[in-house]
Amino acid sequence: MATGSEWPETRLLADEFMIPLLRKSGVRFVQLARNGHLQADGVTILDDSRQPEQLFARGSWTLWDDQESVGTVPQVAGTRKCSLWAKGDVGDWWLKQVFGGRPFRQMTLPRRRQPLP
């Protein structure tokens, strides 16, 4: 889920290491982004490929756009509701559209706790 708020190092490392590995292994890699604050605004599919070329770090509506529009800041402790909204809800919507009730396996990359020095 492209939030527009990933660390620059995350994008660089993904493009250098993860994207080539996914491409070589033929893993389906779907990249999504919200179109606006409301669920009714929809989602854009930035890429859906077994041969991805790059990590799309942002779509037309970013997490920062959303935070500014409602006058808040990203949550960095506890439940991290902004992550659930910006990533979880988007992924859940797509999975429901594509798989309905059929079984599937979803994988996510671990989140780094600290930025690179």
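The values are calculated or read from the model by the stated rules, or taken from the named source; none is laboratory data. In this text the structure is predicted, and so the values were computed from the model without any measurement. All Cβ positions, glycine included, derive from the backbone under ideal geometry; neighbour counts span all protein chains shown. When the accessible area is computed, the model is the full protein with side chains, heavy atoms only, and any ligands, DNA or RNA have been set aside. Shrake-Rupley method; radii C 1.70, N 1.55, O 1.52, S 1.80 Å.
Descriptive notes on the structure:
- Count of residues meeting criterion [open to solvent by less than 40 Å² (accessible area, probe 1.4 Å) and either part of a helix (DSSP H, G or I) or hydrophobic (A, V, I, L, M, F, W, C) (or both)] in region 4-19: 2
- From the list SER49, SER60, the lone residue that is open to solvent by 70 Å² or more (accessible area, probe 1.4 Å), among the hydroxyl-bearing types (Ser, Thr, Tyr) and on the phi < 0 side of the Ramachandran plot is SER60.
- Condition broken by MET1, with the remaining ones in (1) among the aliphatic types (A, V, I, L, M); (2) open to solvent by less than 70 Å² (accessible area, probe 1.4 Å); (3) part of a loop (DSSP other than H, G, I, E, B) satisfied: (2)
- Just one of the listed residues (LYS81, LYS87) is surrounded by 17 or more Cβ atoms within 10 Å (Cβ to Cβ), closer than 14 Å to THR3 by Cβ, modelled with pLDDT under 85 and of a type in the set (D, E, K, R), namely LYS87.
- Among the residues of region 1-41, those that are among the aliphatic types (A, V, I, L, M) and at pLDDT 90 or above comprise LEU12, LEU13, ALA14, MET18, ILE19, LEU21, LEU22, VAL27, VAL30, LEU32, ALA33.
- Taking first residues from region 18-47 that are over 20 Å from MET107 (Cβ atoms) and partners that are part of a helix (DSSP H, G or I) and of a type in the set (Phe, Trp, Tyr), the Cβ contacts under 8 Å between residues at least 6 apart in sequence or on separate chains come to GLN39/TRP93.
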